[in-house]
């Protein structure tokens, strides 16, 4: 084939491939390599120069350069119009699943603890901790629950020995903290607590609590109400109402239970609120002067309030969990539903 | 505790609806729910059996005529053997229902004879267990009258009160009625329950009572009734007791029980003739003394148990339970009624120690009203005389050596309002005290309050604040709307690191789990990195006897749970306290926070990711986690001594042991019945926290000089460890060699089978100038030489 025929053939093929490329039936890289590649069609032209007479060589060389320039320019301009993405996109099925990741999750109880911590952190409560194994003194006596007090029946306790036990509430952490710090103080203490109770749908041998304590000059019962009302609204939404009922804890006087208006039935009465329209959320009260005596705070200067929130209870309400045991068996199908 | 609305209304009439009343009591601190308590029957009337003949087709049935009024009489087939003509019976007419509507009376044919209704037994009416025969009524009832009305079987509402331990005064209808009176703005006066009159006979009885242990028994009263007849209780009494969940036993015991439920004061009845030497001594047990209690159990007593004794032997454990040597039985004719005040702490200790809790002990340990002893005794006597006949001995014994002082509390109105954040007026406070039967004298700015004897829980001024608040209504006190923060009260969160770890791990695909921290002996031994575990002295069961000493078992159980559920691939983590014994702490234990990690599965089964979940995968994630929270340069040291693991590596930062990572072996996994492959790592968060460099690490200033990457591949013996090569390479230069990475490892039979090919990429960079290839070449050559000399490595 002489050079002119060859040039003509390349021209023809190029116009055809241009159409093919535009209709996506040929990929850009293949298209480009077919002409401009190291072994592309244009590279085949130069050897043909050898068979041309010397006088024709400049003429033929110009022809080759010309077609090479034209094709190179056109291919590059076609190439420039393609973005990198659409270039690759030509190769993918976007409906294929992306590379799967493990489904990570935070435990629902962690999530509730974090949420409650942040609500109280916002209004100046610091987070403190205490040991799970503690002495009878910190768990009971210093909280005004002497050895033979009927209130001990309220909490069935696991003992290591006569004086050492698994804490039944995180109020014990507060005594540790009060021993080392002087008021004013504003703390919450989250943690795991234990109760010697049979395991059932509603109760487990351990659970988690956040207890709070606020001691300052002139802390009033109305402050307790305001603070906990803020807490309930932060956790359950602006529209919930709170109500306080008298109760009894040896370490507070007056003592109260706080209910929130049922978030499920909007207080119309349902199974969850047992038709009452209210759900019990936490226990609270003004710190009993006896407790101050144990930690050497001056009863005439300081007053304060304390509260205790059961995390499992809140989590069961918020997530609609019916069986408390599911929190502790590590069921991934349950766990992975909780999102950050 | 259960209380009956009808019963309460003996003291205070109320117009509140059952739910208003429940809410009102709840708002006063007596949290309660209520249930309707009704008779299980309807349409039952009093009928008279006027004829009674044997059924012609049966040897045990009778055909009766039951007359309801003058006009109507019914043909009734009856199977009871005690039916006879001339008696009054409860008669269920056609259309009547029994068993709460489940059973409807219809006209039926029994062995060929039509029966137009049914004569009922006690059990059929839900009034008792008696099914021996039909119920036969007293003659005083009127034929045709409504059975419910004539028997005083009213419908009732039963409140179930979840009473707090401080309100022992409400463990009886009287106490609850006092609270109801607050709601009704009425007041129960002492005279409402104290003025009981009954006839005293002129019988004489020699009897002596002595209190030897006056600390434990402040007051002991008793009286004697002679000639009683022990029998079944009348329906009204049975009904009253049953409505609040109490079983009927006999008229004497039921009467005492009735007063217990009524006044909240427990009294005990003895068979007088069983009390030897006609005397009672209230004393503590002697060493080795024993008593067989009413329930037939022999109790060994200790010297702090308070006893009621006759001339020689204990006849009751005071305030808790009677002895079976002195109890009332069918033959009893003379009784002694005890009405006493016992020290609450003593009763509680004994009750706990002996493991006996009774209606009596529950009340005594919550403290009782010392002033109610005699009124209660009077009331009980009156009832027993009515139900069982007999005559009372005129003398009432009342041993009360040291009279209790009247409790007075000074109450400051201003301080109270300040404490509550309220503005309650003096008049309102007076009204509140009135409703609580608290007497007061005004003294300048305070009230001198006299506390009624039944409110043992009111001892301090702050106790009165609570009374004011609860009667005024907690919900009527405004919520404050601001809170001032004191800067000095802030404390840093020392467990902040947990949150960081949780966030990192969960976003890296780990599911957080919580597991039970109580384990059994076997599990403690499995995880027993340390042997000094902590045992619980009163565990729920054998499965939960120990406090966990590792997170291993909890995570393995979770793995098993998910493996059973066909999960193929997952990662779990847990953060929690683990416990060890420690002789140097107050509790003899120490706790540390631990992070447990588990990788389960063999490889990622995704079309575009087939990552192998192997040791290197897990090691990479642990390293990454630690790096992310600021711990670099950790080292892994193999530990070949571990029993439970095929591979186990300890993780160190310098000399600090941070934890370990390993592949549990088959035997270890089989203890949890786990089949799949998994890796486990446990890190000590407390050590990690200490290892984090506390100084904020400075960010190095930007280096504008380009770096040069150089790769070398070498063939070395499989024996040679990566860490040794890495160390050697890094030791070659400490100016411009910034790091080395292994980016390829290749083992193949085509190579020498004892060799491996490793490819390293080294990074060179200067902080002063642009590097020249030649300077890098010098170092690369040095490295290649060193590798050759030391490890016989050949560059490929």
For this session: Check B:48, B:31 and return the single one that is in contact with a strand residue (DSSP E or B) (Cβ under 6 Å, 6 or more places away or on another chain), buried (at least 19 other Cβ atoms within 10 Å of the Cβ) and more than 14 Å from every other protein chain (Cβ to nearest Cβ).
Result: B:48
Exercise. Is the range B:529-539 home to any residue that is within 22 Å of residue B:674 (Cα to Cα), surrounded by fewer than 16 Cβ atoms within 10 Å (Cβ to Cβ) and touching a strand residue (DSSP E or B) at 6+ places or on another chain (Cβ under 9 Å)?
Worked result: yes
Problem set entry | Total residues in the range B:500-519, condition facing chain A (nearest Cβ under 7 Å), assigned to a helix (DSSP H, G or I) and surrounded by fewer than 18 Cβ atoms within 10 Å (Cβ to Cβ) | 1
For this session: Sort out which residues of the range B:593-644 are touching a helix residue (DSSP H, G or I) at 6+ places or on another chain (Cβ under 9 Å) and exposed (fewer than 14 other Cβ atoms within 10 Å of the Cβ), and write them in order of number.
Result: B:611, B:624, B:632, B:635, B:643
For this session: Please specify each residue of the range A:188-204 satisfying the condition of being in contact with a helix residue (DSSP H, G or I) (Cβ under 6 Å, 6 or more places away or on another chain), modelled with pLDDT of 95 or more and facing chain B (nearest Cβ under 9 Å).
Result: A:190
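Given the condition in a loop (DSSP other than H, G, I, E, B) and free of Cβ contacts under 8 Å to residues at least 60 places away in the same chain, answer yes or no: does some residue in the range B:43-52 qualify?
Checking the range B:43-52: not a single residue is in a loop (DSSP other than H, G, I, E, B) and free of Cβ contacts under 8 Å to residues at least 60 places away in the same chain.
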For this session: Please tell me if residue A:233 is under 28 Å from the mean Cα position of the chain (by Cα), within 13 Å of chain B (Cβ to nearest Cβ) and either modelled with pLDDT of 95 or more or surrounded by 22 or more Cβ atoms within 10 Å (Cβ to Cβ) (or both).
Result: yes
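Let's see how each residue does on (1) more than 7 Å from chain B (Cβ to nearest Cβ); (2) touching a helix residue (DSSP H, G or I) at 6+ places or on another chain (Cβ under 8 Å); (3) surrounded by fewer than 21 Cβ atoms within 10 Å (Cβ to Cβ):
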{"residue": "A:123", "(1), (2), (3)": "no, yes, yes"}
{"residue": "A:140", "(1), (2), (3)": "yes, yes, no"}
{"residue": "A:151", "(1), (2), (3)": "no, no, yes"}
{"residue": "A:159", "(1), (2), (3)": "no, no, yes"}
Exercise. Here are some conditions: (1) in contact with a strand residue (DSSP E or B) (Cβ under 8 Å, 6 or more places away or on another chain); (2) farther than 26 Å from residue A:185 by Cβ; (3) within 10 Å of chain B (Cβ to nearest Cβ). Residue A:279 meets all but one. Which one does it not meet?
Worked result: (3)
For this session: Looking only at the range B:557-573, count how many residues are in a strand (DSSP E or B) and out of contact with any helix residue (DSSP H, G or I) (no Cβ under 7 Å at 6 or more places or on another chain).
Result: 1
Seminar exercise, completed: Given the conditions (1) within 21 Å of residue B:683 (Cβ to Cβ); (2) facing another protein chain (nearest Cβ under 9 Å); (3) not in a strand (DSSP E or B), every one holds for residue B:576 apart from (3)
Seminar exercise, completed: Picked from the range A:217-229 (must be surrounded by fewer than 20 Cβ atoms within 10 Å (Cβ to Cβ) and within 27 Å of residue A:129 (Cβ to Cβ)), the residue nearest to the other protein chains (Cβ to nearest Cβ) is A:226
For this session: Kindly indicate whether residue B:594 is part of a strand (DSSP E or B) and more than 9 Å from chain A (Cβ to nearest Cβ).
Result: yes
Exercise. Across the range B:295-313, what is the total count of residues that are in contact with a strand residue (DSSP E or B) (Cβ under 9 Å, 6 or more places away or on another chain), farther than 19 Å from residue B:348 by Cα and in contact (Cβ under 8 Å) with a residue 12 or more places away in the chain?
Worked result: 5
Exercise. Within the range B:520-554, which residues are farther than 25 Å from residue B:504 by Cα, in contact (Cβ under 8 Å) with a residue 12 or more places away in the chain, out of contact with any helix residue (DSSP H, G or I) (no Cβ under 6 Å at 6 or more places or on another chain) and in a helix (DSSP H, G or I)?
Worked result: B:521, B:522, B:524, B:526, B:542, B:543, B:544
Problem set entry | residue A:292 being touching a strand residue (DSSP E or B) at 6+ places or on another chain (Cβ under 7 Å) and buried (at least 22 other Cβ atoms within 10 Å of the Cβ) | no
Exercise. Which one is nearest to residue B:534 (Cα to Cα) among residues in the range A:131-165 that are part of a helix (DSSP H, G or I) and in contact with a strand residue (DSSP E or B) (Cβ under 7 Å, 6 or more places away or on another chain)?
Worked result: A:136
Exercise. Does the range B:555-569 include one or more residues that are more than 23 Å from residue B:673 (Cβ to Cβ), touching a residue at least 12 places away in the same chain (Cβ under 8 Å), at the interface with another protein chain (Cβ under 10 Å from one of its Cβ atoms) and crowded, with 19+ Cβ neighbours inside 10 Å?
Worked result: no
Exercise. Taking the range A:177-187 only, how many residues are surrounded by 19 or more Cβ atoms within 10 Å (Cβ to Cβ) and more than 9 Å from every other protein chain (Cβ to nearest Cβ)?
Worked result: 1
Problem set entry | Residues that are over 17 Å from residue B:188 (Cβ atoms), within 14 Å of chain A (Cβ to nearest Cβ) and part of a loop (DSSP other than H, G, I, E, B), drawn from the range B:419-457 | B:421, B:422, B:423, B:424, B:456, B:457
For this session: Taking only the range B:579-589 into account, find how many residues are farther than 14 Å from residue B:685 by Cα and either in a strand (DSSP E or B) or within 7 Å of chain A (Cβ to nearest Cβ) (or both).
Result: 6
For this session: Scan the range B:402-409 and give yes if some residue there is closer than 27 Å to residue B:220 by Cα, in contact with a strand residue (DSSP E or B) (Cβ under 7 Å, 6 or more places away or on another chain) and assigned to a strand (DSSP E or B), otherwise no.
Result: yes
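Results for (1) within 13 Å of chain B (Cβ to nearest Cβ); (2) in a helix (DSSP H, G or I); (3) surrounded by fewer than 19 Cβ atoms within 10 Å (Cβ to Cβ); (4) in contact with a helix residue (DSSP H, G or I) (Cβ under 7 Å, 6 or more places away or on another chain), shown as yes or no for each residue.
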{"residue": "A:271", "(1), (2), (3), (4)": "no, no, yes, no"}
{"residue": "A:296", "(1), (2), (3), (4)": "no, no, yes, no"}
{"residue": "A:304", "(1), (2), (3), (4)": "yes, no, no, no"}
{"residue": "A:314", "(1), (2), (3), (4)": "no, yes, no, yes"}
For this session: Test residue A:163 against the stated conditions and say whether it is at the interface with chain B (Cβ under 9 Å from one of its Cβ atoms) and surrounded by fewer than 19 Cβ atoms within 10 Å (Cβ to Cβ).
Result: yes
Problem set entry | Matching residues in the range A:166-176 - criterion: being within 11 Å of chain B (Cβ to nearest Cβ) and either part of a loop (DSSP other than H, G, I, E, B) or within 23 Å of residue A:322 (Cβ to Cβ) (or both) | A:167
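The values are calculated or read from the model by the stated rules, or taken from the named source; none is laboratory data. Computed from a predicted model, the values in this text were never measured in an experiment. Don't worry about glycine lacking a Cβ; one is built from the backbone with ideal geometry, like all the others, and counts go over all protein chains shown.
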